[in-house]
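Visitor: The structure's right below; bear with me while I get my questions together.
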Amino acid sequence: MTQRLLSLRSIFFLLVVSTVFFGCTKSYRFKWVNYDETYCADRWEKNMNNERLKDNVIAYMDGKGVKIYEIEIITDRTPDSCTECTCKSGRRIKCKVNRGDIKRAKGEGFYE
């Protein structure tokens, strides 16, 4: 009986340790990258509707081989007062990508 109890405890301990280890490893595989939206110089179709913009960014990045696991649109700055295409709109696009895709995301204008 004691042997069986020790065996069950050992299995439970290994299960807990494995869950913690693999859970931490999985979250380490991803990284958030950012993109400051411009008035009209972005590589994907612009849209004032955040949900449609998310779809456009996801489709564009998917075509470039970058899978987006999560995406957020944040307005966290004052829009630039200039009217040139490269001026910033004030919206920031945050994307959670695989760490292995960061170089490609940076090639598309994202930053860490």
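The values are calculated or read from the model by the stated rules, or taken from the named source; none is laboratory data. Nothing here was measured: the structure is a model prediction, and the numbers come from that model. Glycine gets a Cβ as well: all are built from the backbone with ideal geometry, and neighbour counts include every protein chain shown. Surface accessibility is based on the protein's heavy atoms, side chains included, excluding ligands, DNA and RNA. Shrake-Rupley method; radii C 1.70, N 1.55, O 1.52, S 1.80 Å.
Visitor: Anything in segment 80-110 that is farther than 14 Å from residue 30 by Cα, open to solvent by 70 Å² or more (accessible area, probe 1.4 Å) and touching a strand residue (DSSP E or B) at 6+ places or on another chain (Cβ under 7 Å)? List them, or say none.
Guide: The one that is farther than 14 Å from residue 30 by Cα, open to solvent by 70 Å² or more (accessible area, probe 1.4 Å) and touching a strand residue (DSSP E or B) at 6+ places or on another chain (Cβ under 7 Å): 86.
Visitor: Now a separate question. With the requirement that a residue be modelled with pLDDT under 95 and loosely packed, with under 10 Cβ neighbours inside 10 Å, what does segment 24-70 give you?
Guide: Passing the criteria: 24, 25, 26, 27, 28, 48.
Visitor: For residues that are of a type outside the set (Asp, Glu), assigned to a loop (DSSP other than H, G, I, E, B) and touching a Lys or Arg at 6+ places or on another chain (Cβ under 7 Å), tally how many sit in segment 78-104.
Guide: Residues in segment 78-104 being of a type outside the set (Asp, Glu), assigned to a loop (DSSP other than H, G, I, E, B) and touching a Lys or Arg at 6+ places or on another chain (Cβ under 7 Å): 1 in total.
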